[in-house]
Amino acid sequence: MITFENLTLKYADKLAIDSLSLTIEAGEKVAIIGTSGAGKSTLLAHLYLLLKDNAAYCSQKQGLVDGLSTYHNVYMGALAKHHWVYNLANLITPFKKPLSEVNDLCRKLELDFHLSKKLSTLSGGQRQRVALARALYQEQSIFIGDEPFSALDPIMAKRLLDLVFARHETVIMVLHDKSAALTHFGRVIGLSQGQLKLDIPHGEITSNHIDELYSGSVAEIVPETLNHA
Ligand SMILES: Nc1ncnc2c1ncn2[C@@H]1O[C@H](COP(=O)(O)OP(=O)(O)OP(=O)(O)O)[C@@H](O)[C@H]1O
């Protein structure tokens, strides 16, 4: 689905991704982990740039519009599917079909308030679920998420992770939840200082691998290392 070799990404002089080679196949469920500043968001944004025609992206920045209602923020996920005249009319008076679709989706995400509620009045966890609803409403085959559940309690986060998995063929997600990375994802990628330090399939990764990555003591464990072990 996507492959690159020796990818290097910089912000001015600041190296964020350092000679990274990676292949991700359609259908994979990939968790990306690593300490703060390791380059996870930079990598994810780059992946989205390459996959955007088929991907929904839930970034840390969210890009929600405070002055608009919950309904309109979620509906934004479908803007590209409709003619601008339809979108404009729906902005003024929401149509029945999208209103009912957005309502169903919001209920699934446990957003149990009226859809006319303005974004500016929502809590951090509610905002995060609105951003997630907007991404799900795109109905793409690939979901790219940058800590999309960081403001949610662990039980709700697991429930929503299941929902994301059920609705997307391929999932690439940055997360800090070690247990979710270990139990839910078929592959875990670990970054440190912009470099790929872990690339381990489900069944081979242990909690120790993740602890070592976060403590900075990990030896590089990528497929060639596994093959030669
Ligand atoms: N807009 C920017 N301008 C300059 N440097 C940046 C910018 N964004 C990120 N960086 C730097 O690039 C490196 C990688 O940042 P990135 O946000 O990708 O890390 P991260 O692993 O996602 O971190 P976090 O877990 O804190 O979100 C960091 O050293 C960061 O300081």
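Every residue, every condition in (1) at pLDDT 90 or above; (2) under 19 Å from Ile142 (Cβ atoms); (3) in contact with a Ser or Thr (Cβ under 8 Å, 6 or more places away or on another chain), yes or no:
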| position | (1), (2), (3) |
| --- | --- |
| Thr170 | yes, yes, yes |
| Lys178 | no, no, yes |
| Ala181 | no, yes, no |
| Leu191 | yes, no, no |
| Leu196 | yes, no, yes |
| Glu204 | no, no, no |
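Looking at the stretch 112-212, none of the strands (runs of 3 or more DSSP E) lying wholly inside it contains 2 or more residues that are among the basic types (Lys, Arg) and surrounded by 21 or more Cβ atoms within 10 Å (Cβ to Cβ). Taken over the stretch 153-182, the residue count meeting the criterion of being away from the ligand (no atom under 16 Å from the Cβ) and over 26 Å from Leu111 (Cβ atoms) is 1.
The C-beta contact set for the stretch 188-204 (first residue farther than 15 Å from His176 by Cα, second residue of a type in the set (D, E, K, R) and part of a loop (DSSP other than H, G, I, E, B), distance under 6 angstrom, 6+ apart or interchain) comprises Lys197/Glu220.
When you look at Arg107, is it touching a residue at least 60 places away in the same chain (Cβ under 8 Å) and either open to solvent by 20 Å² or more (accessible area, probe 1.4 Å) or closer than 14 Å to Leu163 by Cβ (or both), yes or no? No, not satisfied. Being away from the ligand (no atom under 16 Å from the Cβ), free of Cβ contacts under 8 Å to residues at least 40 places away in the same chain, open to solvent by less than 70 Å² (accessible area, probe 1.4 Å) and of a type in the set (Ser, Thr, Tyr) is a description that applies to Ser100. One residue alone among Thr93, Thr3, Thr70, Thr23 is more than 13 Å from the ligand (Cβ to nearest atom), open to solvent by less than 20 Å² (accessible area, probe 1.4 Å) and hydroxyl-bearing (Ser, Thr, Tyr), and that residue is Thr70. Residues in the stretch 127-150 that are within 15 Å of the ligand (Cβ to nearest atom) and under 26 Å from Glu25 (Cβ atoms) were compared, and the one that is nearest to the chain's Cα centre (by Cα) is Gly145. You will find that of Ala45, Ala56, Ala38, the residue that is of a type in the set (Gly, Ala, Ser) and more than 13 Å from the ligand (Cβ to nearest atom) is Ala56 and no other.
The values are calculated or read from the model by the stated rules, or taken from the named source; none is laboratory data. Predicted model only: the values in this text are computed from it and were never measured. So basically every Cβ, Gly included, is an ideal-geometry build from the backbone, and we count neighbours across all protein chains shown. Protein only, heavy atoms only, side chains kept; ligands, DNA and RNA dropped before computing areas. Shrake-Rupley method; radii C 1.70, N 1.55, O 1.52, S 1.80 Å.
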